[in-house]
Amino acid sequence: MLPSPDAMVSGNAYWLLATVRPFEGRWGRRITTERLNAYKAAMTDS
């Protein structure tokens, strides 16, 4: 499980890369350029 979110924006939880990096690879998920771009886009759309 992830720790508490680093930020809440419009009711959505967000974590800093430094927070989630230690969890990379768990549960079959990897940090990819595509995931980072989608994450950044979601933050700017809010």
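No value in this document is a laboratory result; all are computed from the given coordinates. Given the structure is predicted, the values throughout are model-derived calculations rather than measurements. Cβ atoms come from the backbone with ideal geometry, glycine included; neighbour counts cover every protein chain shown.
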Sum of side-chain charges, R30 neighbourhood, beta-carbon under 15 Å (Lys, Arg +1; Asp, Glu -1): +2
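In a shell of Cβ-Cβ distance under 15 Å around W15, excluding W15 itself, what net charge do Lys and Arg (+1) and Asp and Glu (-1) give?
Neighbour charge sum, excluding W15 itself: +3.
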Vicinal HN-Hα couplings computed from phi for the range 6-21 (Karplus, 6.51 cos²θ - 1.76 cosθ + 1.60; Hz; Gly/Pro x): 6, 8, 10, 10, 6, x, 9, 7, 9, 10, 6, 4, 4, 6, 8, 3
Residue-wise HN-Hα coupling along the range 26-32, computed from phi with Karplus coefficients 6.51, -1.76, 1.60 (Hz; x: Gly, Pro): 6, 6, x, 10, 10, 7, 10
Computed [θ] at 222 nm, deg cm²/dmol, the chain (DSSP H ≥ 4; -39,500 (n - 2.57); rounded to nearest 500): -10000 deg cm²/dmol
Between helix 33-45 and the chain: long-axis angle, C-alpha atoms, 0 to 90°, nearest 10: 20
Residues of the range 22-46 with amide N under 20 Å of a point placed 7 Å along Cα→Cβ from S10: 35-46
Cα gyration tensor, the chain - rounded (a/c under 1.5), prolate or oblate: oblate
